[in-house]
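Below is one structure, written out as structure tokens; comments come after it.
The values are calculated or read from the model by the stated rules, or taken from the named source; none is laboratory data. Source: prediction; values computed, not measured. Please note: Cβ atoms are built from the backbone with ideal geometry, for glycine as well, and neighbour counts cover all protein chains shown. All accessible areas refer to the heavy atoms of the entire protein, side chains included, with ligands and DNA or RNA removed. Shrake-Rupley method; radii C 1.70, N 1.55, O 1.52, S 1.80 Å.
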Amino acid sequence: MRIIRDYQYVEEQDRGATVAIGNFDGVHRGHRSVIELARKAAPDAPLGVMTFEPHPRAFFAPDA
């Protein structure tokens, strides 16, 4: 696993990846399903997971 914090650091072998995007607060069954759908969409492509930091709740519902 590699953590890439900025698109400028994406390496050549990562280009063309299929990416599952979401708030992955752990990888439970629902998240695994989303990741598996991304893998099945392009089985030969690199697979990535993109999440958000800070969590979007900090902007959209900071008092929740």
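Table for the structure above
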quantity: Top-ranked residue in the range 44-56 [being over 17 Å from ARG15 (Cβ atoms) and more than 10 Å from the chain's Cα centre (by Cα); ranked as least open to solvent (accessible area, probe 1.4 Å)]; calculated: PRO56
quantity: Subset of the range 16-42 that is charged (D, E, K, R) and not in a loop (DSSP other than H, G, I, E, B) - its residue that is nearest to PHE52 (Cα to Cα); calculated: ARG32
quantity: The range 22-43, residues that are open to solvent by 100 Å² or more (accessible area, probe 1.4 Å) and either under 17 Å from MET1 (Cα atoms) or within 14 Å of the chain's Cα centre (by Cα) (or both); calculated: ASP25, ARG32, LEU37, ARG39
quantity: Residues that are of a type in the set (A, V, I, L, M) and in contact with a helix residue (DSSP H, G or I) (Cβ under 7 Å, 6 or more places away or on another chain), drawn from the range 26-64; calculated: LEU47, VAL49, ALA64
quantity: Enumeration of residues in the range 43-58 that are in a loop (DSSP other than H, G, I, E, B) and of a type in the set (A, V, I, L, M); calculated: ALA45
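Here is a yes/no grid of residues against (1) in contact with an Asp or Glu (Cβ under 8 Å, 6 or more places away or on another chain); (2) of a type outside the set (A, V, I, L, M, F, W, C); (3) in contact (Cβ under 8 Å) with a residue 60 or more places away in the chain:
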{"residue": "ASP6", "(1), (2), (3)": "no, yes, no"}
{"residue": "GLN13", "(1), (2), (3)": "no, yes, no"}
{"residue": "GLY16", "(1), (2), (3)": "no, yes, no"}
{"residue": "GLY26", "(1), (2), (3)": "no, yes, no"}
{"residue": "HIS31", "(1), (2), (3)": "no, yes, no"}
{"residue": "ALA38", "(1), (2), (3)": "no, no, no"}
{"residue": "GLY48", "(1), (2), (3)": "yes, yes, no"}
{"residue": "PHE52", "(1), (2), (3)": "no, no, no"}
